[in-house]
Amino acid sequence: MRNVLGIDLGGTKIAAGIVNENGEILEHKIINTRAKDGKDAVLNNIVSLIEKLSNEKTVGVGITSPGFVNTDTGFISFAGNISGWSGINLKEEILKLKYIKNLVVENDANMALLAEVWEGSAKGFDSSVMLTLGTGLGGGLYIKNTGIILGSNFKAGELGHTILYPNGRECNCGQKGCAERYIAGTALATNYNEITGKDLCSKEVIELIDRDLNAAKALDKMISDLAIFITTISNFIDPELVVLGGGFTDSKDIWWEKLIDYYRKYSNSKDKPILKTAKFKNFAGLIGVAKAVFDKSLGGERNE
Ligand SMILES: [Zn+2]
């Protein structure tokens with residue numbers, strides 16, 4: 001059976017895996033993005049993963065990127081979490097370093113959603129919205145028969161940059177008060193810093209929940225903001241399903257019930273949409289982009 005190499009580029013980690021036509025990961029590797037080292041370091045990391053994982057049955061490579069991604073050309077007009085990434089043509093940069101047949105570049109959250117629609121939590125639903133809570137907050141919109149909605153400037157579904165608090169915290173997209181500044185990993189760390197003046201990463205804040213009231217407060221505010229955000233999404237597009245994915249959902253056991261309570265408090269439709277967590281967790285992006293390579297470059301037909 002043919003396979004594709006899917007590479008999911010995040011602000012903190014790069015997850016890469018060989019995916020077969022059934023959506024199964026045969027082999028994978030996760031490395032640090034080293035986003036602060038700049039784009040060349042990140043590009044070299046991606047190429048080294050391609051060299052390590054590709055095999056004779058690999059018929060294409062798909063790479064996700066955060067930000068606004070032109071899926072026709074590979075141009076990234078904006079990506080806030082990796083320095084020097086905005087304004088590059090990812091496809092051209094990779095091809096300069098290594099020749100690759102069937103190279104596809106896509107937005108990370110859109111691909112996380114495609115994976116869930118293909119073989120995950122959103123399979124069988126006619127409409128779904130994905131929120132990826134990682135370092136930042138990504139989003140994706142899917143409607144049956146249309147597929148992933150891209151928009152006229154490849155910005156559709158970039159829900160992290162809808163404004164949650166007018167004139168609020170500055171976002172590196174140029175706006176103020178974007179949802180991403182209040183929801184997901186970096187936002188939790190910011191919440192905690194605003195209360196205590198201490199710089200901890202979101203994982204450290206989560207670890208303190210049971211013994212630090214300020215950590216609990218920081219998380220409570222984030223979960224309340226997430227519920228407000230889902231309320232807006234639900235009124236905006238009325239999806240059957242909202243799927244929450246990304247590394248931050250690893251801690252869902254400590255906040256899921258609270259999220260549902262806040263959602264019921266804020267929303268005019270208490271039990272809809274259905275809320276679920278993603279099936280593929282940290283691997284959604286790489287599975288989704290593998291599916292995109294199969295669909296785009298290989299016609300999607302199966303070949304045992
Ligand atoms: Zn923004």
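In segment 253-280, how many are out of contact with any helix residue (DSSP H, G or I) (no Cβ under 6 Å at 6 or more places or on another chain) and open to solvent by 80 Å² or more (accessible area, probe 1.4 Å)? So that I can check it myself, show each step before the final result.
Let us first name the residues in segment 253-280 that are out of contact with any helix residue (DSSP H, G or I) (no Cβ under 6 Å at 6 or more places or on another chain), namely 253-254, 256-257, 260-261, 264-265, 268-269, 271-272, 274-276, 279.
Within this subset, residues satisfying the condition of being open to solvent by 80 Å² or more (accessible area, probe 1.4 Å) are 253-254, 257, 261, 264-265, 268, 271-272, 279.
Residues flagged as out of contact with any helix residue (DSSP H, G or I) (no Cβ under 6 Å at 6 or more places or on another chain) and open to solvent by 80 Å² or more (accessible area, probe 1.4 Å) within segment 253-280 amount to 10.
Applying the selection to segment 281-297, what residues are at pLDDT below 95 and open to solvent by 30 Å² or more (accessible area, probe 1.4 Å)?
Across segment 281-297, the qualifying residues are Lys281, Asn282, Phe283, Asp295, Lys296, Ser297.
Has segment 26-38 got at least one residue that is outside the structural domain of Val129 (by TED's automatic domain parsing), more than 17 Å from Thr135 (Cβ to Cβ), free of Cβ contacts under 8 Å to residues at least 60 places away in the same chain and buried (at least 24 other Cβ atoms within 10 Å of the Cβ)?
Looking through segment 26-38, none of the residues is outside the structural domain of Val129 (by TED's automatic domain parsing), more than 17 Å from Thr135 (Cβ to Cβ), free of Cβ contacts under 8 Å to residues at least 60 places away in the same chain and buried (at least 24 other Cβ atoms within 10 Å of the Cβ).
Looking at Gly168 and the list (1) at positive phi; (2) within 15 Å of the ligand (Cβ to nearest atom), which single condition is not satisfied?
Of the numbered conditions (1) at positive phi; (2) within 15 Å of the ligand (Cβ to nearest atom), the odd one out for Gly168 is (1).
Could you check segment 75-102 and list, in sequence order, the residues that are under 20 Å from Ala15 (Cβ atoms), part of a loop (DSSP other than H, G, I, E, B) and open to solvent by less than 40 Å² (accessible area, probe 1.4 Å)?
Matches in segment 75-102: Ala79, Gly80, Ile82, Trp85, Ile100.
From the residues in segment 173-184 that are touching a residue at least 12 places away in the same chain (Cβ under 8 Å) and either more than 10 Å from the ligand (Cβ to nearest atom) or more than 17 Å from the chain's Cα centre (by Cα) (or both), which one is nearest to Ile223 (Cα to Cα)? Don't jump to the end; show me each part of the working.
Taking segment 173-184 as the starting set, the residues that turn out to be touching a residue at least 12 places away in the same chain (Cβ under 8 Å) are 173, 175-184.
Add one more test, that the residue is either more than 10 Å from the ligand (Cβ to nearest atom) or more than 17 Å from the chain's Cα centre (by Cα) (or both), and what stays is 175-177, 182-184.
Numbers: Gln175: 22, Lys176: 20, Gly177: 16, Tyr182: 9, Ile183: 8, Ala184: 9 Å.
Within segment 173-184, the match that is nearest to Ile223 (Cα to Cα) is Ile183.
Considering segment 32-63 alone, what residues qualify as being under 16 Å from Ile287 (Cα atoms) and outside any helix (DSSP H, G or I)?
Ser54, Thr58, Val59, Gly60, Val61, Gly62, Ile63
State all residues of segment 88-101 that are in contact with a strand residue (DSSP E or B) (Cβ under 8 Å, 6 or more places away or on another chain) and at pLDDT 95 or above; if no residue qualifies, say none.
Within segment 88-101, the subset in contact with a strand residue (DSSP E or B) (Cβ under 8 Å, 6 or more places away or on another chain) is 88-91, 94-95, 100-101.
Result: Ile88, Asn89, Leu90, Lys91, Ile94, Leu95.
Enumerate the pairs (first residue in segment 57-76 and assigned by TED's automatic domain parsing to the domain that holds Val104 and within 17 Å of Leu150 (Cα to Cα); second residue anywhere and among the small types (Gly, Ala, Ser) and surrounded by fewer than 18 Cβ atoms within 10 Å (Cβ to Cβ)) with beta-carbon separation below 6 Å, excluding pairs fewer than 6 apart on the same chain, so at least 6 apart or on different chains.
Sorted first by the residue in segment 57-76, then by its partner, the pairs are Phe68/Ser77.
Within segment 154-170, restricting attention to residues that are assigned to a loop (DSSP other than H, G, I, E, B) and within 21 Å of Gly288 (Cβ to Cβ), which residue is least open to solvent (accessible area, probe 1.4 Å)?
Residues of segment 154-170 assigned to a loop (DSSP other than H, G, I, E, B): 154-158, 162, 164-169.
Next cut, within 21 Å of Gly288 (Cβ to Cβ) only: 154-158.
Details: Phe154: 43, Lys155: 107, Ala156: 25, Gly157: 7, Glu158: 29 Å².
Among those residues, the one meeting the criterion is Gly157.
Kindly establish whether Val105 is closer than 28 Å to Cys201 by Cα, aliphatic (A, V, I, L, M) and not in a helix (DSSP H, G or I).
no
The values are calculated or read from the model by the stated rules, or taken from the named source; none is laboratory data. Since the model is a prediction, treat every value here as computed from it, not as a measurement. Using ideal geometry, Cβ is built from the backbone for each residue, glycine included, and neighbour counts are taken over all protein chains shown. When the accessible area is computed, the model is the full protein with side chains, heavy atoms only, and any ligands, DNA or RNA have been set aside. Shrake-Rupley method; radii C 1.70, N 1.55, O 1.52, S 1.80 Å.
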